[in-house]
Amino acid sequence: MPDIIKPTDVDQTREAVAWAFAENKTLEVRGSGSKISLGRTLAEMPVLDLSALSGVTLYEPGELVLTAGAGTPLRDIQKLLSENAQRLAFEPMDMAAVLGGDKGDGTVGGMIACNIAGPRRISAGAARDHILGVKGISGRGESFKSGGRVVKNVTGYDMSKLMTGSYGTLGALTEITLKVLPRPEKAWTLLLLGLDDTAAIKALAQAAGSSHEVSGLAHVPQGRAARSGVSYVRDAGCAVTAIRVEGPGPSVEHRLASLRRELAAFGDMEELHSHNSAGLWQEIRDVSLLTQGTQLWRLSVTPSEGARVVNEIANVIAGVETVYDWAGGLIWLSLPAQDDAGHEIVRASVNNVGGHATLIRADATVRRKVPVFHPQAKPVADLSRRIKEGLDPHGVFNPGRMVDGL
Amino acid sequence: MKMPAPDEAVLARRDELITALRVIVPGEGVITDDLELSVYESDGLTAYRQRPMAAVLPETVDQVSRILRLCAQIGCKVVPRGAGTSLSGGSLPVVDGIVLGLGKFNKVLEIDYDNRCVVVQPGVTNLGITNAVSAEGFYYAPDPSSQIACSIGGNVAENAGGVHCLKYGLTANNVLGVELVLMNGDVMRLGGKHLDSEGYDLLGILTGSEGLLGVITEVTVRILKSPETARALLIGFPTVESAGECVASVINAGIIPGGMEMMDKYAIEAAEAFCHAGYPLDVEALLIVELDGPEVEVDYLIAEVERMARECGAENVRASTSEEERMTFWAGRKAAFPAVGRLSPDYYCMDGTIPRNKLPIVLRRIAELSEHYGLRVANVFHAGDGNLHPLILYDANNPGELEKTEEFGSEILKLCVEVGGVLTGEHGVGVEKRDLMDTMFDEDDLKHQQRVKCAFDPDGALNPGKVFPVLHRCAELGRVHVHKGQHRFPDIPRF
Ligand SMILES: Cc1cc2nc3c(=O)[nH]c(=O)nc-3n(C[C@H](O)[C@H](O)[C@H](O)COP(=O)(O)OP(=O)(O)OC[C@H]3O[C@@H](n4cnc5c(N)ncnc54)[C@H](O)[C@@H]3O)c2cc1C
């Protein structure tokens, strides 16, 4: 069993890191451990458990701002926001369905470290677009902060964004300030029925290019749709292409009616209202419609090319299953387990159109061998290495989690 | 304003540098003539001027890369420049450096409606992007007031904002990718047409980095379909407090307007005198709220906001009934800077952000300071996101008045920080607020930011004298200090 160091405040966190820095020890930075298997497999090392840095320290609904200790469970934050008819607009996915564990266990620090987003990424952005400020400890054992509690802020470098999506390799975050937004009155979904992947992406592109402020654009191929808990989707007997509209009541009805007219050429349609709509988007968000237990890739690509990428991969690897989000720009792709996770094929297809692929789920041995994150061009990789060396010169935090040897 | 002392050794090599630059950029792209150079002496913060050794206007990425490598070798500093509209002295030249102007990078490279994005060179103006796609009904959302002139490269470097950013996000939220050249000549792509970039968010740290990290040579931005309709409300309030209350009610009700701008009495009077927009003159604060979307939504929300405004004590509410009227409502706000400028030989535009609910206190304190300094102030406010632009009126010809104005400005910005806000919402730190950085950040905070700078530009050659009050040498920042006692494991719960 590795050592677990569990600081109860910021000072202790700093002391722990300073100790590791001085002693040339490495630390695995952990919130609740819900995303422990995301990233390259780490060697065994002492764990810096930040789950005690928990609690919302500032929440002003009228100012649309919330500050919490990095170890605060996301579940608590979402409950609090929901009580005030607000939400995290970037719709962070819950990774329990994909990685195992209990729903809602993740911490806000983990969410930021992995730059989690959901279907609303297309209109609202990702975690990186909603972080206003951070406090943390760098690999030097020194405190630093960045940003503030207001949305409009260009004072100094946006270190908060740099920390977001750095998988805990640049700093141990202790406090996070987020922009929060009101929950719209209504959310409805238009379903287009029976489209193949290519046609679906065309339809989604048309909806994305409309003025209807759509907030979800996904395509669920036939076999996956049949697994839905939403009866309309499950019983449709075909693929469903989903377009979500949110806003004040009259507006949603109007926009949905317009979309129906504009997309009439794509054939049969159905509507999902509040509860059913929410159910489907949660399934899409959490990737719960794909076969579990397989290897899972997350592809971020030029949206219009989504179907082409999948075709290329499916031509070579048997048993590929997919769900498309972000109008084709996000592809969740599962495949039967193989030693190399098909990484060369997957990445070559992605490189053809522009984008990157992350191996989200695979055995520890595979995640040790196969680059989990998309290999970068040399100048970018070199620059990233220099940033890491500047903020964590001894390589204290999560060594090797993103890139071998870093 | 103190700039780093020029390096005499570099100044002495000016001829050699110019000869070498001319090899890289043939023809008229290297400017050395005193008169022509005077164009590049300052930016939108006209109180400061400095003459660079030369200005270079490359046309290709390869030229940019070679220029930077050359300058790195010689130790010559480089100040990237877009359109030179920075209000914080971001593109103010340095004496022992060159200005690298991106003016010739002015092409729209690709319009991709299928992926709702546009690829442009950095010298294309902000409005130029919208103009390139408006025939198809699309637009680029972030809209700084300087949008006719400012370049998209400068927007990325400053993370520019605008009226529409309340609903549609800042530059940072609308840029998908860039091509970037580092001081060592490395050319790289960050992001692309896909929505998120892999690895560290280098695009995120670059946006708003004020030309200190690298030279942007291409930008991919997201475009949006224009809303079906837009209508605006012009609302007069008897007090600043009641206007502030109205802003809060709108936001609390879950309404995020396309734009929500406030002006105080003095700004209203100036704007009205300048462009006769029909602003009420018997009010203390004016709010312009724009709602956009389908007509049913807009009409519904206009009625909602109007109701809230009246509940907050608004006496004077007008809703635009035509596109022409909507534009008239905005005309005064959009011309607020020049309108105020007309009342005084000079004006100084401040740019702090505060938590919205602190507005009444902050305006009261500004009024007190105004009295104290004997300088008038007009306030223009991006009310929805708390970004305040006090415009201080002064006369630079009166000895000491510029200094007094700057002192007053600093007091305002410190006040913004004191109430939980920040020094700059969209104009950047530049040289202007450089020496105030310690009101927000301690030594360690700034050192960590500079360590990021070192990863991009280890010799501190790009845009020196900006953002950081003291630019530490990277060797010093990289040094590893271990303090006594750290070797002992601290007293922390362990399992
Ligand atoms: C009347 C007026 C109104 C304004 N209104 C607004 C407003 O509403 N919102 C707002 O945000 N700003 C506003 N500004 C400020 C200014 O227009 C913005 O900061 C704008 O983004 C600067 O763009 P620019 O092309 O003029 O950049 P410049 O002034 O040339 O440069 C600004 C900074 O960017 C760097 N830079 C420029 N191009 C590049 C590049 N290609 N690569 C790397 N670094 C580069 C420079 O080194 C400098 O640090 C206003 C200015 C004026 C004069």
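The values are calculated or read from the model by the stated rules, or taken from the named source; none is laboratory data. Predicted model, so just to flag it, every value in this text is computed and none were measured. Glycine also receives a Cβ, built like all others from the backbone with ideal geometry; neighbour counts cover every protein chain displayed. Side chains are part of the model used for accessible areas, which takes the heavy atoms of the whole protein and leaves out ligands, DNA and RNA. Shrake-Rupley method; radii C 1.70, N 1.55, O 1.52, S 1.80 Å.
Identify all residues within segment A:131-161 that are closer than 25 Å to A:T358 by Cβ and either of a type in the set (D, E) or surrounded by fewer than 24 Cβ atoms within 10 Å (Cβ to Cβ) (or both); write none if there are none.
Within segment A:131-161, A:D158 is the sole residue that qualifies.
Where residues in segment A:350-373 are open to solvent by 20 Å² or more (accessible area, probe 1.4 Å) and within 7 Å of chain B (Cβ to nearest Cβ), which of them is nearest to the chain's Cα centre (by Cα)?
A:F373
Of all residues in segment A:1-13, how many are hydroxyl-bearing (S, T, Y) and at the interface with chain B (Cβ under 7 Å from one of its Cβ atoms)?
Residues in segment A:1-13 being hydroxyl-bearing (S, T, Y) and at the interface with chain B (Cβ under 7 Å from one of its Cβ atoms): 1 in total.
Determine whether B:G97 is in contact with a strand residue (DSSP E or B) (Cβ under 6 Å, 6 or more places away or on another chain), within 16 Å of the ligand (Cβ to nearest atom), closer than 27 Å to B:D351 by Cβ and open to solvent by less than 10 Å² (accessible area, probe 1.4 Å).
yes
Looking at B:A157, B:A172, can you tell me which residue is in contact (Cβ under 8 Å) with a residue 24 or more places away in the chain and more than 8 Å from the ligand (Cβ to nearest atom)?
Matching residue, one of B:A157, B:A172: B:A172.
Restricted to segment B:191-242, and to residues that are open to solvent by 30 Å² or more (accessible area, probe 1.4 Å), without any contact (Cβ under 8 Å) to a residue 40 or more places away in the chain and more than 28 Å from B:L291 (Cα to Cα), which residue is farthest from the ligand (Cβ to nearest atom)?
Filtering first and then ranking leaves B:E198.
Would you point out which residue out of A:E253, A:E246 is among the acidic types (D, E) and facing another protein chain (nearest Cβ under 10 Å)?
Going through A:E253, A:E246 in turn, just one is among the acidic types (D, E) and facing another protein chain (nearest Cβ under 10 Å): A:E253.
Got at least one residue in segment B:75-88 being of a type in the set (A, V, I, L, M, F, W, C), more than 11 Å from the ligand (Cβ to nearest atom) and at pLDDT 95 or above?
Initial filter on segment B:75-88 (of a type in the set (A, V, I, L, M, F, W, C)): B:76, B:78-79, B:83, B:87.
Next, only the ones that are more than 11 Å from the ligand (Cβ to nearest atom) stay: B:76.
Next, only the ones that are at pLDDT 95 or above stay: B:76.
There is at least one residue in segment B:75-88 that is of a type in the set (A, V, I, L, M, F, W, C), more than 11 Å from the ligand (Cβ to nearest atom) and at pLDDT 95 or above.
Which pairs do you get when a residue that is under 30 Å from A:A348 (Cα atoms), found in segment A:270-297, comes within reach of a residue that is open to solvent by 30 Å² or more (accessible area, probe 1.4 Å) and of a type in the set (A, V, I, L, M, F, W, C), reach meaning Cβ atoms under 7 angstrom, with the pair 6+ apart or on two chains?
Pairs found: A:D286/A:A97; A:V287/A:A97; A:S288/A:A97; A:T294/A:A337; A:Q295/A:A337.
Under 6 Å by Cβ, and 6 or more places apart or on different chains, what pairs join a residue from segment A:144-171 that is more than 7 Å from every other protein chain (Cβ to nearest Cβ) with one that is aromatic (F, W, Y)?
Pairs that qualify, where the first residue is more than 7 Å from every other protein chain (Cβ to nearest Cβ) and the partner is aromatic (F, W, Y), are A:G168/A:F397; A:T169/A:F397.
Collect the residues in segment A:348-406 that are more than 14 Å from B:E198 (Cβ to Cβ) and hydroxyl-bearing (S, T, Y), keeping them in residue-number order.
A:S349, A:T365
Would you mention how many residues in segment B:446-463 are within 14 Å of B:C474 (Cα to Cα) and either assigned to a loop (DSSP other than H, G, I, E, B) or more than 22 Å from the chain's Cα centre (by Cα) (or both)?
10
Taking segment B:279-296, which residues are within 14 Å of chain A (Cβ to nearest Cβ) and either more than 15 Å from B:K167 (Cα to Cα) or surrounded by fewer than 20 Cβ atoms within 10 Å (Cβ to Cβ) (or both)?
Within segment B:279-296, B:P294, B:E295, B:V296 meet the criteria.
Could you pull out the residue among A:R386, A:R347 that is within 14 Å of chain B (Cβ to nearest Cβ) and open to solvent by 40 Å² or more (accessible area, probe 1.4 Å)? Full working, then the answer.
Details: A:R347 fails: open to solvent by 40 Å² or more (accessible area, probe 1.4 Å).
Exactly one of A:R386, A:R347 is within 14 Å of chain B (Cβ to nearest Cβ) and open to solvent by 40 Å² or more (accessible area, probe 1.4 Å), namely A:R386.
Which condition breaks for B:E179 when tested against (1) more than 9 Å from the ligand (Cβ to nearest atom); (2) touching a Phe, Trp or Tyr at 6+ places or on another chain (Cβ under 8 Å); (3) open to solvent by 20 Å² or more (accessible area, probe 1.4 Å)?
Of the numbered conditions (1) more than 9 Å from the ligand (Cβ to nearest atom); (2) touching a Phe, Trp or Tyr at 6+ places or on another chain (Cβ under 8 Å); (3) open to solvent by 20 Å² or more (accessible area, probe 1.4 Å), the odd one out for B:E179 is (2).
Which ones in segment A:228-255 are part of a strand (DSSP E or B), of a type in the set (A, V, I, L, M, F, W, C) and closer than 27 Å to A:L181 by Cα?
Of everything in segment A:228-255, those that are part of a strand (DSSP E or B), of a type in the set (A, V, I, L, M, F, W, C) and closer than 27 Å to A:L181 by Cα turn out to be A:A242, A:I243, A:V245.
Within segment A:81-95, does at least one residue satisfy the condition of being of a type in the set (K, R), part of a loop (DSSP other than H, G, I, E, B), in contact (Cβ under 8 Å) with a residue 60 or more places away in the chain and not assigned by TED's automatic domain parsing to the domain that holds A:W332? Reasoning before the result, please.
Restricting attention to segment A:81-95, the residues satisfying the condition of being of a type in the set (K, R) are A:87.
Subsequent filtering for residues that are part of a loop (DSSP other than H, G, I, E, B) retains none.
Within segment A:81-95, none of the residues are of a type in the set (K, R), part of a loop (DSSP other than H, G, I, E, B), in contact (Cβ under 8 Å) with a residue 60 or more places away in the chain and not assigned by TED's automatic domain parsing to the domain that holds A:W332.
Considering only residues that are closer than 19 Å to B:E241 by Cβ and open to solvent by 20 Å² or more (accessible area, probe 1.4 Å), which ones fall in segment B:340-358?
Within segment B:340-358, B:R356, B:N357, B:K358 qualify.
Pick from segment B:112-136 the residues that are in a strand (DSSP E or B) and buried (at least 18 other Cβ atoms within 10 Å of the Cβ): which of them is farthest from the ligand (Cβ to nearest atom)?
B:C117
How many of the residues in segment B:137-156 are among the hydrophobic types (A, V, I, L, M, F, W, C), open to solvent by less than 20 Å² (accessible area, probe 1.4 Å) and more than 9 Å from every other protein chain (Cβ to nearest Cβ)?
4
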